[in-house]
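Peer 1: The structure that follows is given in the form of structure tokens.
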Amino acid sequence: MNSTNIPSHSHGKDFVGRNLFDLDDWSAEDIQVVLEATKIMKEVNKRDYKKLPTLRGKTVCTLFFENSTRTLMSFELAADRLSADIVRFSANASSLHKGESLQDTVYTVDAMGIDLYIIRHSYPGSPQLVNKYTGKPVLNAGDGPHAHPTQALLDIFSIWERTGTLKGLKITIVGDIAHSRVVRSNLIGMKKMGAEVTICGPSTLMPGYMEEVYGCKVEHDLKTALKDADAVMGLRMQLERQSEGLFPSLEEYSKLFTLSSETMKYAKKDALILHPGPMNRGVEILPDIADSKQSVILEQVTNGVAVRMALLFLILGGKM
């Protein structure tokens, strides 16, 4: 493999040193470069020896102030496979408990020679603060209920890999729209790639401005939302982010909004099934759908490593 395998789009040079706060300031062409690079990284991950020396000498810091399993492991595995050094910052074991501010924490970590930061935090805008304090590129791994752009990119890739394009596709996202950082980033990215997106959920979990801001369709009836869909994504009910009961019960929710073999009959016969995880089986999705041939849920996890490898490679100026 050599450098000619990596997309040489005219925008490609713009990636070096770039931040990924969300997809709103990334063009469709930028997203396409990431998709093409991800395809190459996925091929690398199929080899017996998966490691590349492309980011040797670079140091990546994972600043995770919220618990994470898949995202943290995915980023660290991506960095490791590109031979970058990894510094893991754990909020539970840090001086934050002694009263140290985020600013001073970041200043201290940055003094160790970090080249790129990956941050997950409960407060929206935290990635921008890290960039302000350090001047280093920052990848947003989730900031509260605001954004999760790398999840959106892997979701988009998971569809694009199967269909070749998102242009003209009908994509339906079902669940707790109000508290999902995944749905906001996906709406931005999917719309830029030409998809028609419908979001569906109970009115108490549906912000009132979605159609105007994101250019999507809003439905509260699942069957209507699923009609002729090419791809369907279920979202987890995020009870930990709900300050008050916004739905009578999970049982009541599941009667109206669960993705099942019965409700999926309204989508296209070969419609793809996605879920960003973790899944609440029996609540937002039933096992017969989650484990079906149409499901790309496990493939999304695989694709997450490749997407994050592509981003690290492009932003840190990796060379094959």
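The values are calculated or read from the model by the stated rules, or taken from the named source; none is laboratory data. Predicted model, so just to flag it, every value in this text is computed and none were measured. Cβ atoms come from the backbone with ideal geometry, glycine included; neighbour counts cover every protein chain shown.
Peer 1: In segment 267-320, how many are within 19 Å of the chain's Cα centre (by Cα) and at positive phi?
Peer 2: Residues that pass the stated criteria total 1.
Peer 1: Of everything in segment 192-201, what is touching a helix residue (DSSP H, G or I) at 6+ places or on another chain (Cβ under 7 Å) and either at pLDDT 95 or above or of a type in the set (D, E, K, R) (or both)? Give them in sequence order.
Peer 2: Within segment 192-201, Lys192, Met193, Val197, Thr198, Ile199, Cys200 qualify.
Peer 1: Here's something else I'd like to know. Could you grab me the full set of residues in segment 161-202 that are under 21 Å from Gln32 (Cβ atoms), of a type in the set (S, T, N, Q) and within 16 Å of the chain's Cα centre (by Cα)?
Peer 2: Within segment 161-202, Ser185, Asn186 qualify.
Peer 1: In segment 152-196, how many residues are part of a strand (DSSP E or B) and buried (at least 24 other Cβ atoms within 10 Å of the Cβ)?
Peer 2: Looking only at that region, the number is 4.
Peer 1: Kindly evaluate Asn131 against the criterion of being outside the structural domain of Leu222 (by TED's automatic domain parsing), touching a Pro at 6+ places or on another chain (Cβ under 9 Å) and assigned to a helix (DSSP H, G or I).
Peer 2: yes
Peer 1: Given Asp110, Asp115, Asp155, which one is closer than 19 Å to Val34 by Cα and touching a residue at least 24 places away in the same chain (Cβ under 8 Å)?
Peer 2: The match here is Asp155.
Peer 1: Follow-up. Of the conditions (1) touching a Gly at 6+ places or on another chain (Cβ under 9 Å); (2) part of a helix (DSSP H, G or I), Ile119 clears all except one; give me its number.
Peer 2: The failed condition is (2).
Peer 1: Would you mind finding the one in Ile315, Ile285 that is in contact with a Gly (Cβ under 6 Å, 6 or more places away or on another chain) and hydrophobic (A, V, I, L, M, F, W, C)?
Peer 2: Step by step, each of Ile315, Ile285 is checked, and only Ile285 is in contact with a Gly (Cβ under 6 Å, 6 or more places away or on another chain) and hydrophobic (A, V, I, L, M, F, W, C).
Peer 1: Another question about this same structure. Which of the residues belonging to segment 254-297 are among the polar types (S, T, N, Q) and in a helix (DSSP H, G or I)?
Peer 2: Passing the criteria: Ser254, Thr263.
Peer 1: Answer yes or no: is there a residue in segment 92-102 that is basic (Lys, Arg) and exposed (fewer than 13 other Cβ atoms within 10 Å of the Cβ).
Peer 2: yes
Peer 1: For segment 103-123, give me each residue that is crowded, with 17+ Cβ neighbours inside 10 Å and not aromatic (Phe, Trp, Tyr).
Peer 2: Listed by number, the residues that qualify are Thr105, Val106, Val109, Ile114, Asp115, Leu116, Ile118, Ile119, Arg120, His121.
Peer 1: Considering only residues of segment 244-259 that are under 28 Å from the mean Cα position of the chain (by Cα) and at pLDDT below 60, which is surrounded by the fewest Cβ atoms within 10 Å (Cβ to Cβ)?
Peer 2: Glu244
Peer 1: Only one of these conditions is not met by Asp291: (1) of a type outside the set (S, T, N, Q); (2) within 22 Å of Ile199 (Cβ to Cβ); (3) free of Cβ contacts under 8 Å to residues at least 40 places away in the same chain. Which number is it?
Peer 2: (2)
Peer 1: Let me ask something else about it. Being more than 18 Å from Phe15 (Cβ to Cβ) and not in a helix (DSSP H, G or I) is the filter here, so list the residues in segment 99-116 that pass it.
Peer 2: Passing the criteria: Gly99, Glu100, Ser101, Ala111, Met112, Gly113, Ile114.
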